[in-house]
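Since the structure comes first, as structure tokens, the remarks are kept for the end.
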Amino acid sequence: MKNKGKLKVNITAHTTLSAFTADEWDRLNPSKHPFLCYAFLKALEDSGSVGGRTGWDMLFLAAREDSSDLLVGILPAYIKHHSYGEYVFDHSWAHAFERAGGRYYPKLLCAVPFTPVPGPRLLYDHHHPEIIHNLLNALEKIARDNQISSAHVNFIIDEDRNVLEDKGWMIRTGVQFHWQNNNYDCFDDFLASLSSRKRKTLRKERQGLFHKGITFHQLTDTDIRPEHWDHFYKFYLSTIEKKWGGAYLTESFFHQIGMQMSDQILLVLAEKDGQLIAGALNFIGQDSLYGRNWGCIEHIPNLHFETCYYQAIDFAISRKLATVEAGAQGLHKVQRGYLPVYTYSAHWLADSQFSEAVSRFLSQEQAAVEEDARSIDEISPYRRDNKAG
């Protein structure tokens, strides 16, 4: 397919990240967002966390300039055979479409697997906005030509949302809970911003763990050793299997990111009586800390809150990071200082009648989401005269 815009390009589809070099891919990710970098996505592929029988078939769309073969645009897309590992839930859409005689799967998804973190999804040379329109046209054409029901772009930033909305894609609104750094110099400054009752609760939660002799290690870069990943994978596997009965990420994934991305990783480990008992994996962005996975092998009250939330806040304050994003869902995060933030996804459905029905649903859902967010704001743990954000 050839672009008829200002910049002449060829658009091709690829089933492996090996079709690209790390340098050319990362050049289109100038913010160095950790989940869009080549090393992270390549670790998912190399480790078998995607591909094979996982239900995540890679289909990266690339735009290269005709005259130079320079990579100028990418859609990191997947052919999905289910809706697991996405965190934008469309199971009800699938059931409705199939009850009406349609086939919802496979579908096309532009997203970072197993990673509900807002970030750039449309990677292209922004001097030539026509590039992304041609890539999206190619994605829609692939869907139509192959009788694929739909295409989706999850956890988009505002700039991408504007592009997709202008192109006629439907926008879906969700909510996450993020912590904002209000220029705190230390964790006690953060505590001082809370209401008296919430401040006492947080201090009590932390002191209870320290009185049990539990210590915490914040490891980054070369401080993270292979044996730390061995421990962390056991924690991750134990917790995942208790909740959902299956782990998306393989052990080799963690070792590979440890070798190639350690300077972008914060690994928090909890120790008791000389033994590591829990851990939380975070990624360090330019201005944010992204909490991703956690696990433990011993259940202790409040261990999760400290390992995942308070240690992340403490690290963000020390690094002068503006935000901690603690992943999807979790109303309990509010009382730990994480307040509601809207997230967005974009959706294109091939069937016009189905699209109209989903559009009506999204309008109703958005009103409910906004009402819930306003209600949550009312139970903010912050002092009224010192509300975060």
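Details
- All conditions in (1) surrounded by 17 or more Cβ atoms within 10 Å (Cβ to Cβ); (2) within 26 Å of Q147 (Cα to Cα); (3) in contact with an Asp or Glu (Cβ under 9 Å, 6 or more places away or on another chain) hold for L339, with the sole exception of (2).
- The residue list A278, A316 contains one member that is of a type in the set (A, V, I, L, M) and either in contact with a His (Cβ under 9 Å, 6 or more places away or on another chain) or assigned by TED's automatic domain parsing to the domain that holds P120 (or both), which is A278.
Yes/no per residue for (1) assigned by TED's automatic domain parsing to the domain that holds L71; (2) buried (at least 23 other Cβ atoms within 10 Å of the Cβ); (3) modelled with pLDDT under 95:
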{"site": "A111", "(1), (2), (3)": "yes, yes, no"}
{"site": "R121", "(1), (2), (3)": "yes, yes, no"}
{"site": "H127", "(1), (2), (3)": "yes, no, yes"}
{"site": "N137", "(1), (2), (3)": "yes, no, no"}
{"site": "Q147", "(1), (2), (3)": "yes, no, no"}
{"site": "S150", "(1), (2), (3)": "yes, yes, no"}
{"site": "I156", "(1), (2), (3)": "yes, yes, no"}
{"site": "I171", "(1), (2), (3)": "yes, no, no"}
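- Exactly one residue out of L202, L191 is without any contact (Cβ under 8 Å) to a residue 40 or more places away in the chain, under 17 Å from I313 (Cβ atoms) and out of contact with any Asp or Glu (no Cβ under 9 Å at 6 or more places or on another chain): that is L191.
- Among the conditions (1) buried (at least 18 other Cβ atoms within 10 Å of the Cβ); (2) out of contact with any strand residue (DSSP E or B) (no Cβ under 8 Å at 6 or more places or on another chain), the only one that L61 does not satisfy is (2).
- Highlighted here are the strands (runs of 3 or more DSSP E) found entirely within segment 45-104 that include at least 3 residues which are more than 22 Å from the chain's Cα centre (by Cα) and either in the same structural domain as T15 (by TED's automatic domain parsing) or at pLDDT below 95 (or both): 60-65.
- Residue list for segment 314-362, restricted to those being over 14 Å from P118 (Cβ atoms), in contact with a Lys or Arg (Cβ under 7 Å, 6 or more places away or on another chain) and of a type outside the set (A, V, I, L, M): Q335, H347
- Any hit, segment 350-363, residues being in the same structural domain as E165 (by TED's automatic domain parsing), surrounded by 15 or more Cβ atoms within 10 Å (Cβ to Cβ), among the hydroxyl-bearing types (S, T, Y) and in contact (Cβ under 8 Å) with a residue 24 or more places away in the chain: yes
- Test: residue in segment 81-104 that is in contact with a strand residue (DSSP E or B) (Cβ under 6 Å, 6 or more places away or on another chain) and within 23 Å of T16 (Cβ to Cβ): no
- Flag set for K204, criterion: assigned to a helix (DSSP H, G or I), among the basic types (K, R), out of contact with any helix residue (DSSP H, G or I) (no Cβ under 8 Å at 6 or more places or on another chain) and at negative phi.
- Counted residues, segment 348-389 - those being assigned to a helix (DSSP H, G or I) and of a type outside the set (G, A, S): 20
The values are calculated or read from the model by the stated rules, or taken from the named source; none is laboratory data. Since the structure is predicted, the reported quantities are computational estimates derived from the model, not experimental observations. Heads up, the Cβs are rebuilt from the backbone with ideal geometry, glycines too, and the neighbour counts pull from every protein chain shown.
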